[in-house]
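Report on the structure given below.
The values are calculated or read from the model by the stated rules, or taken from the named source; none is laboratory data. Keep in mind it's a predicted model, so treat the numbers as computed, not measured. Methodologically, a virtual Cβ is constructed for each residue, glycine included, from the backbone with ideal geometry; neighbour enumeration extends over all protein chains shown. In case anyone asks, the SASA skips ligands and DNA or RNA and just uses the protein heavy atoms, side chains included. Shrake-Rupley method; radii C 1.70, N 1.55, O 1.52, S 1.80 Å.
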Amino acid sequence: MENVDVARLFQQVADLLELRGDNPFRIRAYRNAARMIEAMPKRVAEIVAHDGKSLAELPGIGKDLAGKIVGIVHSGHLDLLDELLTEIPKGLIDVMAVPGLGPKRTRAIHDVLDVSTLSELERAARTGKLHTVKGIGEVIEKRVLDALSHRTPESGRILLSEADALVAPLLEHLRGARGVVRLEVAGSVRRRRETIGDLDLLAATEDARELADRFVAYPGFAKILAHGKTRCAGELQRGLGVDLRIVAPESFGAALYYFTGAKAHTIPVRAIARKRKLKINEYGVFRGSRRIAGATEEDVLASVGLPYIAPELRENRGEIEAARAGALPALVELADLRGDLQMHTTATDGRSTLREMVAAARALGHAYIAITEHTQVLKITRGLDRKGLLAQRRAIARLNERHEKPVVLWGAEVDILEDGTLDLDDATLAELDVVLASVHTHLDMPRAAMTDRIVRAIRHPAVHVLAHPTSRLIGKRAPTAVDLERVIAAAAATGALLEINGQPDRLDLDDVYARAARDAGVGLVISTDAHHVDELRYLRYGVDVARRAWCEPKHVANTLPLGAFRARLRR
Ligand code: DGT
Ligand code: CA
Ligand code: CA
Ligand code: ZN
């Protein structure tokens, strides 16, 4: 731990405190301390090693900051920072990181334009609203637009939801070309992987030239890399590659199958074909030079004696064997879900009211929803205590008196404290309709301690669901060290349910562990964790994970009608 590292942690804390509008004196204390430590000739690590107490005598460092410095030197990080990072909406933190913004401007943009995600920021900048905010101006608006258009995650992969958002207008554009017979997205998007490396489009058309010309004319491309009658390629402004293959209609199924992949799946299937003296490639299935199949994927698979295999299963995780044995799962679909089990409202850190959430859930056809606010320990979310929860219970009861769908369940997302106890008294816990438990603080605990903490929580008789079991944020925060095998065993023993959180950057459990839970007989629920009515559609991303985890409706508790669901909660 060098002084600059300690200083950087303090600066980050100051930024986040400023973002949430904390006490200016407290913010200044962190900034001053950061500056002082950075400029200090002596290493704070050394002072801590020799005589930690003398830290508090340094100018601008009181007892409190001295204690934090000792903690940083010993553990390498700062709990307060971790807590702020979990508590403050991640969208806002992303916005704050955009060059030219920073905490003060981000707060102003949030307060004036209600911007709290990068896409909302982008919209505000594109529509020229951003520069109307006091302290922004046109120069900064332009810088923000430039910065956003070059955004590429470090990994070079983007979230599935971002890929969906980018591909939809492109498909719309391509459908405008004359003669298009089929147009599909293949590759990892079609398999619904959680992150996407590039987009693979496939078309069959009567006029390849027209389609190719239309492709390269798409205004979203920053670069065109190929422009031919069978293959075109371009790069979207965020640096995301797009491949378009154009094939004849009689090859469309074979090409779709080939370019959907995964390679690990198609290679063994082609080996099966070879044993039958057949050859499968992207143009069709051939016996010698004679094409025997290729127009549809069903024909291609049938030619090697296999039934249709859903794209989400094509990862070589046992699906070929299951297909041969006639034992493929009948995968859960979005339409099978009858309810959404996690959402937040303006009573805490949500951005839509209870009424708005209920109306939006009604429009989606949900039979039931659970309102699950955070509890008091999460201060920045304005988490509720017993009193706040009881007030919400009354508001929910008034809505339910109208006997309209959806039935609203009174829930809470209770924080699992460091020792595995819950951030709410047992009496309130026992009264709630739905109790989710989840970890938001002290995310860096070692494996055994973190696992004990979570297992203790799900053994609590009032806990129905373990929400976002690893607390990961894809591309931003690693999963906690929790041993999910042990958690799954504990859930199997107690009847607790595990959540598949549908927030596109959570997807937690992921496909691999959701499958392990399913195989262990543990019930799953799919929830959106929506903080705004627009996020209720994230159920789809949870369903994608469940399908990749081989789940059928019977594996997902919120496919049950309300009565059966409530009985399932009571174990
Ligand atoms: P990504 O883009 O990294 O998210 O993942 P994919 O699966 O979309 O991979 P990508 O874009 O490299 O290729 C799209 C599909 O094309 C892939 O899933 C299978 C097929 N493919 C690509 N290269 C090969 C290859 O060398 N052999 C075979 N059999 N298939 C390939
Ligand atoms: Ca791809
Ligand atoms: Ca590709
Ligand atoms: Zn949460």
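Here SER289 and ALA516 are evaluated by their C-beta separation; at R0 = 51 Å the FRET efficiency comes out at 0.65. Prolate is the label for region 21-66, because a/c, from the alpha-carbon gyration tensor with a ≥ b ≥ c as root eigenvalues, is 1.5 or above and a/b exceeds b/c. Separation of region 245-311 from region 195-238 is 24 Å, based on Cα centroids. Please find the FRET efficiency linking ALA330 to THR421, where r is the Cβ-Cβ separation and R0 is fixed at 45 Å, and quote it to the nearest 0.05. Using R0 = 45 Å, I get an efficiency of 0.65. Diagonalising the gyration tensor over the Cα atoms of region 334-569 and scaling each eigenvalue by 5 before taking the square root yields semi-axes of 24, 21, 16 Å, largest first. Counting only Cα atoms, region 158-247 measures 34, 25, 18 Å along its principal axes, largest extent leading.
Give the shape of region 90-149 as rounded, prolate or oblate, defined through the alpha-carbon gyration tensor: a ≥ b ≥ c are the square roots of its eigenvalues, a/c under 1.5 means rounded, and otherwise the shape is prolate if a/b is larger than b/c and oblate if not. Taking the square roots of the gyration eigenvalues as a ≥ b ≥ c, region 90-149 is rounded.
Ordering ILE224, TYR283, ALA530 by the projection of their Cα atoms onto the charge dipole of the chain, which places +1 on the Cβ of Lys and Arg and -1 on the Cβ of Asp and Glu, puts TYR283 at the extreme positive end. Dipole orientation for region 310-402: of the candidates LEU384, ALA323, ALA370, LEU384 has the Cα lying most toward the positive pole (charges on Cβ; Lys, Arg +1; Asp, Glu -1). Annotation for LYS275 and LYS134: the two label points, set 7 Å from Cα along the Cα-Cβ direction, are 7.4 nm apart.
Computed with a 1.4 Å probe on the full set of protein chains, the accessible area for LEU337 sits at about 10 Å². Scaling against 2.2 N^0.38 Å puts the C-alpha radius of gyration of region 3-87 at 1.02. Ranked by the mean number of other Cβ atoms within 10 Å per residue, highest first, peptides 436-442, 283-289 order as 436-442, 283-289. A dipole drawn for the chain from +1 and -1 charges on Cβ atoms has a positive end, and of ALA478, LEU509, ASN3 the residue lying farthest that way is LEU509. Note on region 457-554: the alpha carbon radius of gyration divided by the globular reference 2.2 N^0.38 Å gives 1.01. Short-range pairs are left out: with C-alpha atoms under 8 Å and at least six residues apart, the relative contact order of region 234-358 is 19 percent.
Averaging over all projection directions, the Cα-based convex hull of the chain occupies 30.1 nm² in the image plane.
Pairs of Cα atoms nearer than 8 Å and 6+ residues apart set the relative contact order; for the chain it is 9 percent.
Packing here is the average count of other Cβ atoms within 10 Å per residue, and on that basis the peptides 7-20, 393-406, 347-360, highest first, run 7-20, 347-360, 393-406. A crude spin-label estimate for the pair LYS229 and ARG26, with each label 7 Å from Cα along the Cβ direction, gives 6.9 nm. The length gained on full extension between ASP213 and ALA39, counted as 0.36 nm times the residue separation minus their Cα-Cα distance, comes to 56.7 nm. Taken about its Cα centre, region 334-569 carries a charge dipole of about 500 debye when Lys and Arg each add +1 at the Cβ and Asp and Glu each add -1 at the Cβ.
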